[in-house]
Amino acid sequence: MWTAGLAELNVAAGRTSAGSRAAQLLPSHAPAELREVAHLERLLRAVPQKAPHDLGPAASALLEAGGKRVRPLMLLLSARAASPQSRAQGRAALAIASELVHSASLLHDDVIDDGLTRRGLPAPRVRWGNSVSVIAGDWLLTAALTLAQRSRVPGAVEALVRALHALVEGEAIQLKLRGSTRFTVAEALAVARGKTGSLFAFCGEAGALAARAPSKIREALYEFGLRSGTAFQIADDLLDVEGDAEALGKAALADAAEGKPSLPLAVALERDPDLRESLALLLRADEAGEPLGERVIALAARVRASGALAAARELAERERAAAMAALQRLPGSETRDLLEVVAGALVSRSS
Ligand code: FPP
Ligand code: MG
């Protein structure tokens, strides 16, 4: 059974490539955390091996292709920060569940967005088709719920179901606003909170639940995850406008051309309503399969000129500051400091 051995995490494992990816987010004096993530990596990759019929390759593709494993890392750190003495039984299963949900959501997301590449490779839907991609995502989702159940951590299933509701809600708002040129900052924030903040909030909360921490600590870690995850999504939105297309592996303003209600664009639209026309033209050109080059450059220049990037960066900073304030409600510890470092790295990401 693929859940066997997950009840207790053995930290005696060596480093793996995921260990070193997580290392990008951790300072070098955190070897215990890195070993824990490295061990988790092997357990994580074993999960889709059990997927039925022809789902295995699609279910495992994204997990094999990499990722920073930031959600499991946050969950493990949250468990230790919540209660350094606790053995936090079940935390490994919940950490794996968090990455499985993330992977499942990306399998679905690429179908929704007609995504062509993911993590530098052809998206699973390109290789195995939309149907396989959706069902493989469904399978990973059920595997995540099963793990939460088998973790035997009181309240974990309920917390995960709440997070899934919020995740789907965020996507539903995004879908409703898709192609719109009239979305607001509040709506873009609701999307960021739902589609990304909610799973990070689960990681904080589930860590506290695994540590059997009191409700005050659980609420603080939930808030920490929600706010740092939202900041992470805003940083991602910003990269769409100002990022290096080569490092990102996708064209500038790709999200805007797909009609996504990103935060910097929401700010720009509120500040410069004439921008709606340029955005509408870009959306129409994308729909018609026309080259976007000039339109993208012109739109990006106007978004910049509106001062929206600095304003969106300020909003990301506000979320990060709220995350840090929530952390201060925990007892001081080295692990709490590490959580601060990881959350800071998420906001200052460049790819
Ligand atoms: C990537 O966003 C996608 C998400 C953060 C979440 C997607 C969630 C769903 C499809 C619904 C829930 C599904 C499950 C299985 C729980 P993006 O498209 O902005 O980013 P990208 O550029 O990486 O594609
Ligand atoms: Mg997408």
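A short reminder: the numbers here are calculations on the coordinates, not readings from a lab. This one's a predicted model, so the numbers in the text were calculated from it and none came from an experiment. Every residue, glycine among them, receives a Cβ derived from its backbone with ideal geometry; neighbour counts consider all protein chains shown.
Nearest 20 debye, what's the magnitude of the dipole of the range 112-154 about its Cα centre given +1 on Lys and Arg Cβ and -1 on Asp and Glu Cβ?
Dipole magnitude for the range 112-154 comes out near 240 debye.
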Sorting GLN149, ALA51, PRO261 by the position of each Cα along the dipole of the chain (Lys, Arg +1; Asp, Glu -1; all at Cβ), the one nearest the positive end of that ordering is GLN149
Total charge of the residues flanking ALA186 in space, meaning their Cβ is under 12 Å from its Cβ, with Lys and Arg +1 and Asp and Glu -1, is -1
So, relative contact order of the range 138-276 in percent, Cα under 8 Å, 6 or more apart, is 26
For the range 111-220, the dipole about the Cα centre with charges only on Cβ (Lys and Arg +1, Asp and Glu -1), to the nearest 20 debye, works out at 200
If one compares the long axis through the Cα atoms of helix 91-112 with the longest principal axis of the Cα atoms of the chain, the angle in degrees, nearest 10, works out at 20
The correct pair for the chain, radius of gyration to one decimal and Dmax as a whole number, both in Å and from Cα atoms, is 19.9, 59
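Using a Förster distance of 25 Å, how high is the FRET efficiency between ARG42 and LEU175, based on the Cβ-Cβ distance and rounded to 0.05? Don't jump to the answer; show the numbers that get you there.
On the way: r = 36 Å, r/R0 = 1.45.
Given R0 = 25 Å and the Cβ-Cβ separation, E is 0.10.
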For the chain, the longest principal axis of the Cα atoms and the Cα long axis of helix 308-327 enclose an angle in degrees, to the nearest 10, of 20
Exposure proxy check on HIS102, HIS39, HIS165: fewest-to-most Cβ neighbours within 10 Å is HIS165, HIS39, HIS102
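Give me the dipole magnitude in Debye, nearest 20, for the chain about the Cα centre, with unit charges on the beta carbon: positive for Lys and Arg, negative for Asp and Glu.
Numbers: 42 positive and 41 negative charges, 248 e Å.
Computed about the Cα centre, the dipole is about 1200 debye.
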If one compares the long axis through the Cα atoms of helix 156-177 with the longest principal axis of the Cα atoms of the chain, the angle in degrees, nearest 10, works out at 10
Calculated from DSSP helices alone, with each H run of at least 4 adding -39500 (n - 2.57) and the total divided by the residues of the chain, [θ]222 nm to the nearest 500 comes to -22000 deg cm²/dmol
A correct Karplus calculation of ³J(HN,Hα) over the range 222-227, with 6.51 cos²θ - 1.76 cosθ + 1.60, θ = phi - 60°, whole Hz and x for Gly and Pro, returns 4, 4, 4, x, 4, 6
Env charge @ GLU169, Cβ radius under 14 Å, K,R +1 / D,E -1, value +2
Counted neighbours (other Cβ, 10 Å), sorted fewest up, put MET74, MET324 in the order MET324, MET74
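Under 11 Å from the Cβ of VAL132, count the other residues' Cβ atoms, weight Lys and Arg +1, Asp and Glu -1, and hand me the total.
My count for the surroundings of VAL132 gives 0.
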The farthest towards the positive end of the charge dipole of the range 188-246, of the residues PHE232, ALA220, ALA190, given +1 on Cβ of Lys and Arg and -1 on Cβ of Asp and Glu, is ALA220
One would report the Cα pair-distance distribution of the range 109-247, bin width 10 Å, in %, as 11, 31, 37, 18, 3
Applied in sequence order to the range 125-133, the curve 6.51 cos²θ - 1.76 cosθ + 1.60 (Karplus, θ = phi - 60°) yields integer Hz couplings, x standing for Gly and Pro, of 5, 6, 7, 10, x, 5, 5, 4, 4
